[in-house]
Structure formats: structure tokens, C-alpha cells
Amino acid sequence: MSKFQSRYQRTLLATSITAIVMSGSAGLAIAQEGIEEVVVTGIRKAQEDSVSLKRDASQIVDGISAEDIGKLPDVTISDSLQRIPGVSIRRSAGEGSSIIVRGLPQVGSQLNGEAFLSAGSITTVQPSYGDLPSQLFKGADVYKTSNASLVGAGITGTVNLKTRRPFEFDEGFTGSGSVEVQSGEETSETDPVASALVNWQNEKVGFMLTGSYANTNLANYYNGFNTGNPTGDASWVNGVNAWGGTNPVNHISPQGFAAWNQVTERERSGLNGSFQADLGEGFQFTADYFYTQQDEYNRKVGMSATNKWQGLEWFNDVQGRNVGNIADGSEWMTVDQWDLNPKRLKSFSQNDSFLSESTNINLQLDYDNGGQLTGSVRYAQGEATKQRRHGYNEGDLTDGTSTGIDPFYPTEHCGSATPVGDLGGCYVAPNPLGYTDNPQLTLDTRGAHPTWGGFDNTINGGLGAGATIRDYMSNLDSYNIGAFSSENNADSEGEFQAFRMDGSYAIEDGGFITSVDVGLRASTRAVEETRFHIFSPFYAGKTNVNGDVNAEGCGVQWKATDVVLANDAGCTAGEMVNGEFVGYTALPPTALNAYNNVSFVTDFGPVNGIPGVWAVNPSDYDDPEAFHKRVFGSVQRMNIPGTSYNVDLDETSFYVQGNFETGIMSGNLGVRVVQTDLTVKQNEMGATAIPYGNTNPDVGDKVTKRSYTDVLPSLNLAFDVMEDVKIRAAYTENMTPLDLAAWGDGRSIQTSLDSSTGKFEVNAVADGGNPGLDPWRSQNYDLSAEWYAGDASMVAASIFLIEVDSFISSGSEAEDFTLTNGSIRTIQVSKPVQGDGGEIKGLELGGKLAFSDFTDGFFSGFGLDANYTYAPSEQDAKDAEGDNLPFPQNSETQYNLVGWYEAHGFQARIAYNFRSDRLDSTQGGFGVYQKEVGFVDVSASYDINDNFTVYVNGSNITGEYEDYYFQWEDQYAYQNYYEPRYTLGVRATF
């Protein structure tokens, strides 16, 4: 990146001159963590460390600390962070991944005090910790308020992940390692997890290396509205049925319902190396290397009942509730019992894989000779890649009658069918042993888990009179492949570099100002996102609509029994039938097990009533590109220009901060100035779609360049009103960049087969990004009171107000699109829009109690950690009833209860985390909410001797699940269920 290098050369020169003027020597400093000796004393010591961190900090901060080398309190970093007041998490396959602080995910993330790049957050600035092994970290701090020196502060908080370094250990050799097995109640796999650390230092130089490996299989289930995952016949929309008389009553109408089981395999490894050298004269050099790699496969199999985009009136309500008129004056009804009349009942298999890798390097020279001047020079570099691959197939049970499919094939696929074309082509039923009529099914969503019914109803079809829907579902020969696809694949690449110089000068005359901090920093971040579908050619050497031979064939994205190669505007293949050209159907008749391993699947999690389906093993699509090449001969990556982009984000910042103390008051006052240069390259799409696919051609680039400057003042005050009582107050102004996709992502167009034209037509359009959007900006007010009752005991209360001046909201705008027959279809195009005027305010209460601070004897081994957060939020955007929406992902109420015991080498801990309803997304102006939920985790360990410990853990031991509803709590949407998981391990330290 020559532009970056040139810029850094200029920055290096300027900052070096500044350093020479200030100190006459190299290096200025960020506030550093003190050198600490690693003392392994378990839960109480970890709680004592978090109390000390909060007490000694100049800001409002909370933290977590490892209870042992390689052992954070929970399975993942995110799971541990959710124990902190105001912090909640999003789960992925049951494990904690991204975090939300005080109601927003716009959280800054650091590694040892500087920004870094992980594969889980290439295009985002928010932390996503799913690919980071927790064994590599000694703890994490969550800053609720910022100061001028804090790098990359988020809107509501900043997380600093901390790794170990050589000089933290005792002189000589230190070694530690653990081996464990994990298992889930549903998967019943024996999953290995291992980690090890070696360290050597002699007070002059030190070397440390720690590594980890895990291969886990996590069961998670889904049932409910078919929401676009898996692909095919997916979405929900606002339908209208004439229920209750002649006046129409609106209801939420999904395109289909689905239930699936999914096993997520995560093979995760990590390596952290660190070298430190005492150079003498107050100089210390540190070099850190941090590497992570994860291969994740989300393998799911399921059943789906859909209407195949052919109208919304495919069910009747058995029972519902009239919610009355809403903002637009129309009448709406919820539905909780359904009589279904789907055109299509199918199995499906899907595999979404994510292959990710990241490397971060930190080079740091610190200066502290015990004098007034301290400082640091630091260079950080990160690289990350992530590959997303998608493989999918449908196992259709229909013979094509109900869906109107009448495939036409060339003579080699005709078999005994009667030729009707001039070249011997014929019509062949795609599935002779499939059903003919629409299945009549029921769905009841009133209980804790949905219940299906109707599978013993008889249905006409190839199995003859008296056969039931259950009979068709249990007969392998009644299935055919309805479609193969590999779409919305992505290659993501990111680079990050930062150079900074920080210095502090202590004033020793006893005045009001105790020290002054200054710093310069320049950073650049570049992201390239390329998304593509997999096409394969069909019918090479066949004639087209003009009677000419097409030597290469027609490229097709959806290898499906409803894709006909008769698009007059593009590639065609077919022959004349009764004087008219008829296109061949893309996918020949294909048995479910023709190219795949199959099994009969009956496990759909807690949903009731589904007898089972035959389905393809989703592991067959671990490499979907190789699969399509094997089956169809060749593949072509067809880029999706609308969702492929490049973003460069360059920041140059300067800060100055004064630290002061007088009487009982101390604090800091500073300002950080950030100059941002943004370059966004988007691809423009042609108006005509590429035939037989869901993308348009790339017709050029659109480059947007912007610059903006933010002046961010901060004030932190602390009052030692009593020896163990502190009052804190803070005012800060924060800015954090958007997810880079919010600037770079372009237009995506969804198409489906339209019965009026017989071709794939646009049915949904979304603009994913907008380079004209402003970053997130806020003004934050904080007030807290803290009482430190003992080394590991405290009580704290905080109130906060966050006024969000600019943020991203969801909007839509009507646009006209021309169909292939020349008619116009008006579609509401969803897009991100600039939001303003949002507000989050709340209260945090927290307490930590170690009985040993107050008593001896039996009860001295017990301890508690409890906190409560109340944080209502509101933005200007309104839902369909005219009410202000809360910020997405914000729960108004959250609390944690942790009880622990530690004595005589035994440790035990039980933790409960609860959060109330939160807005997950909006669809058509309606809110999709996740209901309140609580999770219980337990752990216990026993020290066999000074060197060996055995331990057990249990996560989500009560088998809690996530329920979602659409606008009204009695309008069921969908449900995620995560399995309880258990761990047995042994740890050794020398």
C-alpha cells in the first residue's frame, strides 16, 4: 500500500521531531499497565483483580480476569464479558460472539491498548470474538467512559483484550497446559480442546509462547417463519386475507415455514508469542505476535412447507387475535394456529462455511527511567481473511402438478416419455412417485414449541390411493432434487496499520496539574469484499432460439427443475414443439441420492409432530465449488457487483490531556482531534440481469471520497469522599466509524419465477450501503458512586445518558422496475438512512462480595457477584403502529447473579444471566423482537496438588432457547434452540 507507506513516512518524520523536542530521546508513552507477577489463586483472586481495576482507574471501567493461566471464567470471551453490568451478547451456535454495551453494538475493540484486526470483524469496527480462542487472554477491560488518550473509543464502551507477556512471570521457566473434552446433549460428540503456555525470562530478556486448539461440534435448532435462511422460497411479507367477512383483515404472511437441525463444527487454533527486552536506561522493547485461524461449517438439514412464491393466501387462520387498527388505518390480526395448503413440501440441506485467518503484529518501545518523562513509540499491523461458501439443495416431494412445473428435456433424458419436439425432446415429470395435490397440514404455535400435524392425511400421487403424506416423506424414491445452488459466496480481505507516539510529563511541584499527556497517531484500514454466485453450463452443443448451436451452453446459477432456458434476451437452449420454441429445463430428473449421501432425518429439535424426511448429508457441501464442478463439469464464479466493494479508511489524530488532583478531587480533561479520509469504491450494475441468475453485469465503478474532522472533548472526575468511597462523573463526546459495509455495500436484487411472465423477475431490492452516511456520534454523561468494602468486595451504582447525534436507521423508498414483458412493478427498496435524535439512558447497579473480607471459618470461602442494568432506549424511527422503536439489540433490563465457593483446593461457581425483550430487526415497518431469556452456567474444579487441577463446566445447563415474535408478542415468528454443553478437563502448571 504505497499511499499508506508514504503517509507513514511523513508521519514518522513529524512525530520523531516532536519526540526529540520534548525529550531529547526516543519514545513517548501511552499509560501502561504495571508489571505484575502472575499469582494463580482462582476465583477470589480474579474478583479481587476486577475490584482493583475499577478502584484505581481514572475512568468508569469494569473488567474480567483469568482465574488461572488459560482459564477465563467462561467458555468464550463474550460469555465472560456478559457478566459485566451493561454488557449483553449475541449468540452464534450457542456460544457468545458479538457484544452489546449499554444497548448498542457500536463498541470499540483493542488488543493490549491498540486497535487490531480479527477475521470475525473484517468489515466492522465492533468486536466479534467468535474466532478468538479465550485461552490466549489473561483478561479484558470494558471502559464505559473514554478519555483523550483512548484509541478507537466506541459509542457506549471500549473493550481492551489483554494477553500475557514474558516479564509478568517469575524469573526462570514457567509452563502451563490444559487438555479437555467437551460434549453436547444433542451432538453427543467428544470434542477435544487443548492449550499450552511456556515462558522464560531472566529480567533482561523474556520469551513467551502460548497456543490453543479446539474442534467443537455445537447443535442448534430452528423452527418458524422461513426467513431467508435457508435460501429458496424465503421471506415474510404483509399479506391480506378477507377473514371475518367482506372487510379485509391484514396479517403477517410468511412465504413458508421451516424446521431444521444444525451442527456447527468449529476447528479453532490460535498462537500468541511475545518477546521483551530490557535495553537499559529506562528503555524496554516488546514484540507481540497474535495469530488465529478457524474453519467453521454450519451443516443443517430440515423440512420446509412453502407456497413457492405463488401467492400469499395459502393458509387459513384457525385461531388468532384482532389487534385493531394501526397507524395506516387498516385492521390487523395475529395468528397462532394455521391450516396450511402449501404447494411445496420439501427437505433441504445447507452448509454455510467460514474459513477465517488473522495475524496481528505489535512492535513497541517504552521509556521510563523513573523520571518525569515517560513514553512509547508503537507500530501495529494486522491482516485478516474470511471465505464464506454456501452449498444448498432441495429434496422435492411434489411431482410438479401443484407447482405447475412441466419440465422439457432433450432426448437423452426422455427415457420412455413420448418425444414431442422436432429434435426428440419430451416432457418428463420431475418426480413420478411424488404427490400431486397440495398437502393439507396444520401448525400450532401456542405452546412452548410449535406442533405440526396432518401428516397422516391421504394425498393423491405416484404412490397410489390411500398413501399418506407421511408415506411420501418416508419413501426415498418419492424425492427428486428440486435445486442445487451455491450463491452469495464471499471473499473478504482486510489490512490494518497504525503508528503512534504517546508521551506523559509528570509535574512535581505539587500544583493542580499533576501530568500532561500528548500523542499522535495515524492509521489506515483497507477492506475488499468480493461476493459471487457459482454458475455451471448446461446443454453445450444444443440449439438456441435461432436454431444455432451454442457450443459452450448456458450458464445457470440455480440448477433447478423450474429454471427453463428460454430467456429471449439471453442464452437459450431448446427446440421447436408444434411450431414454438420450448426451452430445456436446466436440471434433468435427479434422484436425491444420485450424487449425494443421504439419510432419514427425524431430529428437528424441540418442535413437535414432524415424522422425518430424507435429506442429503450437508457435509457433501463442505466445498460446494468442488461439488458443482464434479456434478456439472465446470463452474464459473459470477461476481455480484452490487455487493462487492472496496473501502479505505484513513485516520490521523492528535490528543492532549491534563491530569489533575486537588483535595479529594482528581481526574483528567482532554481533547482528541480525529481527521478521517474515506474512499469508497462501489460497482454499478447494468439494468438487465444475467440470465438464469440473481445478479446483474458490472458496468463500471463509482468512487466516493469524503473527509471529516471530529473534535472530541472528554472530562473524567473522581472524588474520594471517604477512604473507601468514590464518586465519579464524566462527560465525553465519542465518534466511531460505521461498519465499512454500511458505506461500501451496494444494491442486491432478489428474483423469483413469475407466473405472469414465465421468467425470473425482480421481487425484492435492497441497498446495503450508502457512502454519504455519517459515522456514529454521541454525547455521553455518566455519574457513579462506588464503595470498596474489602479487597474483593464492593458496591457500585451508575446512571448514564447517551445522546446519539447520528446513527444508521432502516428506511425504504419506492422505485419502479421493468419486467421482461415491459410491465412496471413498484417495489419498496430497503436502504440504510441517516438517523438522529436517538437516546439511551439507564441505571447500573453492581456488587461483589467475598465473605473472606469479613469473616473467617466455613463461610469465608463463599462469594457473590451480582449486577442489574436498566437501559430504555428510543430512536426517531417508528414502527407500523406509530410508536418509537428502541435501538436494535438493546434490552431494557438485564441482570447477572453469580455465586461461588473456594476453599481447600475446591472451587465452584454458578452463574445466571437474564435479559429482557430486545428489537432484533424490522420487516416492512414491523418490529421483530426476541423475547426475554435467561441462561445458567456452572463450573467446578479441584486442585489435586500444587501442579494439577481437574475441572468440569456446564453451559446453558437448563437448555434455554431464543423465542422471536413479529410486532405483537402473540405473533410467533421463529425460535432458536441451543443445546446444553459440558466440559471435563485437567490443567497443569509448573
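The values are calculated or read from the model by the stated rules, or taken from the named source; none is laboratory data. Owing to the predicted nature of the structure, the values given are computational and were not obtained by experimental measurement. Cβ: placed from backbone, ideal geometry, glycine included. Neighbour counts: every protein chain shown.
The table below lists the values:
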| item | result |
| --- | --- |
| Selection status of V673, among the aliphatic types (A, V, I, L, M), surrounded by fewer than 19 Cβ atoms within 10 Å (Cβ to Cβ) and touching a residue at least 40 places away in the same chain (Cβ under 8 Å) | no |
| Pairs where the first residue, in the stretch 649-667, is within 15 Å of V516 (Cα to Cα) and the second is buried (at least 17 other Cβ atoms within 10 Å of the Cβ) and of a type in the set (K, R), C-beta under 7 Å, 6+ apart | Y655/R672 |
| Test result for Y367, touching a Gly at 6+ places or on another chain (Cβ under 6 Å) and modelled with pLDDT of 95 or more | yes |
| Answer from Q889, Q930, Q907, Q875 - the residue that is surrounded by 17 or more Cβ atoms within 10 Å (Cβ to Cβ), at positive phi and not acidic (D, E) | Q889 |
| Filtered residues of the stretch 165-203 (kept if touching a Gly at 6+ places or on another chain (Cβ under 9 Å), more than 16 Å from D68 (Cβ to Cβ), touching a residue at least 60 places away in the same chain (Cβ under 8 Å) and not in a strand (DSSP E or B)) | R165, P166, F167, E185, E186 |
| Within the stretch 784-876, strands (runs of 3 or more DSSP E) holding 3 or more residues that are in contact (Cβ under 8 Å) with a residue 24 or more places away in the chain and within 26 Å of V721 (Cα to Cα) | 793-818, 838-850, 862-870 |
| Every residue from the stretch 645-659 that is surrounded by 18 or more Cβ atoms within 10 Å (Cβ to Cβ) and among the aromatic types (F, W, Y) | Y645, Y655 |
| Failed criterion for V323 (all others in (1) β-branched (V, I, T); (2) surrounded by fewer than 19 Cβ atoms within 10 Å (Cβ to Cβ); (3) closer than 30 Å to R500 by Cβ hold) | (3) |
| Any chance V936 is hydrophobic (A, V, I, L, M, F, W, C), surrounded by fewer than 19 Cβ atoms within 10 Å (Cβ to Cβ) and either farther than 30 Å from S809 by Cα or touching a helix residue (DSSP H, G or I) at 6+ places or on another chain (Cβ under 6 Å) (or both) | yes |
| Any hit, the stretch 684-702, residues being closer than 30 Å to I60 by Cβ, surrounded by fewer than 17 Cβ atoms within 10 Å (Cβ to Cβ) and in contact with a strand residue (DSSP E or B) (Cβ under 9 Å, 6 or more places away or on another chain) | no |
| Unique residue being within 27 Å of Q907 (Cβ to Cβ), surrounded by 20 or more Cβ atoms within 10 Å (Cβ to Cβ) and not charged (D, E, K, R) when the list is G846, G838, G861 | G846 |
| Odd one out for E508 among (1) within 30 Å of Q364 (Cα to Cα); (2) not in a loop (DSSP other than H, G, I, E, B) | (2) |
| Out of E203, E185, sole residue that is surrounded by fewer than 21 Cβ atoms within 10 Å (Cβ to Cβ), closer than 22 Å to G282 by Cβ and either out of contact with any strand residue (DSSP E or B) (no Cβ under 7 Å at 6 or more places or on another chain) or modelled with pLDDT under 95 (or both) | E203 |
| Test: residue in the stretch 870-889 that is in contact with an Asp or Glu (Cβ under 8 Å, 6 or more places away or on another chain) and closer than 30 Å to D68 by Cα | no |
| Residue among F532, F604 that is among the hydrophobic types (A, V, I, L, M, F, W, C), in contact with a strand residue (DSSP E or B) (Cβ under 6 Å, 6 or more places away or on another chain) and surrounded by fewer than 22 Cβ atoms within 10 Å (Cβ to Cβ) | F532 |
| Qualifying residue in the stretch 712-729 (condition: without any contact (Cβ under 8 Å) to a residue 60 or more places away in the chain and among the small types (G, A, S)) | yes |
| Residue selected from the stretch 920-944 under the condition among the hydrophobic types (A, V, I, L, M, F, W, C) and touching an Asp or Glu at 6+ places or on another chain (Cβ under 9 Å), by the criterion modelled with the lowest pLDDT | F926 |
| Single condition Y595 does not satisfy, out of (1) under 30 Å from E185 (Cβ atoms); (2) modelled with pLDDT of 95 or more; (3) part of a loop (DSSP other than H, G, I, E, B) | (1) |
| Long-range neighbours under 6 Å by Cβ, at least six apart or interchain, first residue under 26 Å from N489 (Cα atoms) and in contact (Cβ under 8 Å) with a residue 40 or more places away in the chain within the stretch 356-384, second assigned to a strand (DSSP E or B) and among the polar types (S, T, N, Q) | S356/Q294; E357/Q293; E357/T385; S358/T292; G382/N360; E383/T359; A384/S358 |
| Those residues of the stretch 353-376 which are of a type in the set (D, E) and more than 30 Å from E265 (Cβ to Cβ), in sequence order | D366, D368 |
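Rundown of residues vs (1) in contact (Cβ under 8 Å) with a residue 12 or more places away in the chain; (2) basic (K, R); (3) farther than 22 Å from G693 by Cβ; (4) crowded, with 23+ Cβ neighbours inside 10 Å, yes/no style:
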| residue | (1), (2), (3), (4) |
| --- | --- |
| N544 | yes, no, no, no |
| C554 | yes, no, no, yes |
| K559 | yes, yes, no, yes |
| V563 | yes, no, no, yes |
| L592 | yes, no, yes, yes |
